[in-house]
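Please read the structure below before turning to the comments.
The values are calculated or read from the model by the stated rules, or taken from the named source; none is laboratory data. From a predicted model like this one, the values you see are computed outputs, not experimental measurements. We place every Cβ from the backbone using ideal geometry, glycine too, and count neighbours over all the protein chains shown.
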């Protein structure tokens, strides 16, 4: 098989860079944080500029954790703006390679398979990466970093660990240079998909580096990690078989829809029940809009103090449905069963599991199908009105109660202002 060449391009401190560009600031020199400081001093910064990182401020810190002696500009998150800029940059990628050779990994990262384009442009992978990065900076004012490798794993590692230290923010790895440069690199959590839990389990086996993993008895790793040991072993050798074509051809056998939110303050038990009902309505709207149904629903509640474990669970109903009344009744029952009355609530998540197409909807002797169809027609009409006139064009009475969040959330993207 012909060796492939992958790039992964990361937009440096993306949200902060967009805000700096719009203000005529330089993220490499000016201090800026992306955070809604009006919320609270405990608000997490979505991004900070490299200039602030150079001062020792940690990315994703909270406002109160920024040293008092550091002056900075605070930019309220504008999610729609970031989505628009990301779309513009995706259009730049399309000007160089086909959409079939692009895998968007996140709003600020994308893999590009450039194997078939190097001869076309008569450029090396390094020079093509530089040309794409320069185009991004010229058109959008955003600096980028890039990793290059023969597979998606090695280019990602080149990006995450080496590119930021390179003069032109580009780094390249193959299997041999990976072993030479990074086999003994610490901490292991710098490597893609290696979390603190995995490191602890490896340490208990006397394994501390990628070189240790590569030379560890396979049976030992399989016993500790099961099938995931295969990924650890392959990555320790710098191997990865997955291609962008395989990712695009993959179909998940199990699907779900969910909605969740972190509340802006502590909620009492009865107040939180209002939120659950609002979110059940939101989940139903989403399911009807996507023409899917489910007979399995779950709810999880997180509490103010991190030391308190989340509570929650699921329930199977007698019908596969997207009826707002059935979903609401189910979620209310789950809330009463699992929520702790003696604790303040801060996080709520609802989901419809194993969703299937609406055409497979099942009925029950205990639920009138005419009522279910009427619910669906009403929900469809609500979706149409919201699409045409805005999400707050039509509301329920519960959305006007004190403590309700739907109206505010309808003006947000990802929990942040548009």
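Quick notes on this structure:
- Which numbered condition residue 238 misses (of (1) surrounded by fewer than 17 Cβ atoms within 10 Å (Cβ to Cβ); (2) more than 24 Å from the chain's Cα centre (by Cα); (3) not in a strand (DSSP E or B)): (1)
- Residue match in segment 5-13 (condition: touching a strand residue (DSSP E or B) at 6+ places or on another chain (Cβ under 9 Å), buried (at least 16 other Cβ atoms within 10 Å of the Cβ), more than 19 Å from residue 262 (Cβ to Cβ) and modelled with pLDDT under 95): yes
- For segment 64-94, residues that are closer than 19 Å to residue 41 by Cα, over 22 Å from the mean Cα position of the chain (by Cα) and surrounded by 12 or more Cβ atoms within 10 Å (Cβ to Cβ) total 6.
- Here the strands (runs of 3 or more DSSP E) wholly within segment 11-119 that include at least 1 residues being closer than 23 Å to residue 169 by Cα are 32-34, 102-106, 109-113.
- Where residue 230 falls short, out of the listed (1) in contact (Cβ under 8 Å) with a residue 40 or more places away in the chain; (2) not assigned by TED's automatic domain parsing to the domain that holds residue 384: (1)
- Residue 359 passes every criterion in (1) modelled with pLDDT of 90 or more; (2) out of contact with any strand residue (DSSP E or B) (no Cβ under 6 Å at 6 or more places or on another chain); (3) not in a strand (DSSP E or B) apart from (1).
- Residue match in segment 287-301 (condition: crowded, with 18+ Cβ neighbours inside 10 Å, in the same structural domain as residue 373 (by TED's automatic domain parsing), in contact with a helix residue (DSSP H, G or I) (Cβ under 6 Å, 6 or more places away or on another chain) and assigned to a helix (DSSP H, G or I)): yes
- Flag for residue 30 being touching a residue at least 24 places away in the same chain (Cβ under 8 Å) and over 22 Å from residue 162 (Cβ atoms): yes
- Subset tally (residues that are surrounded by fewer than 15 Cβ atoms within 10 Å (Cβ to Cβ) and part of a helix (DSSP H, G or I)) for segment 202-217: 2
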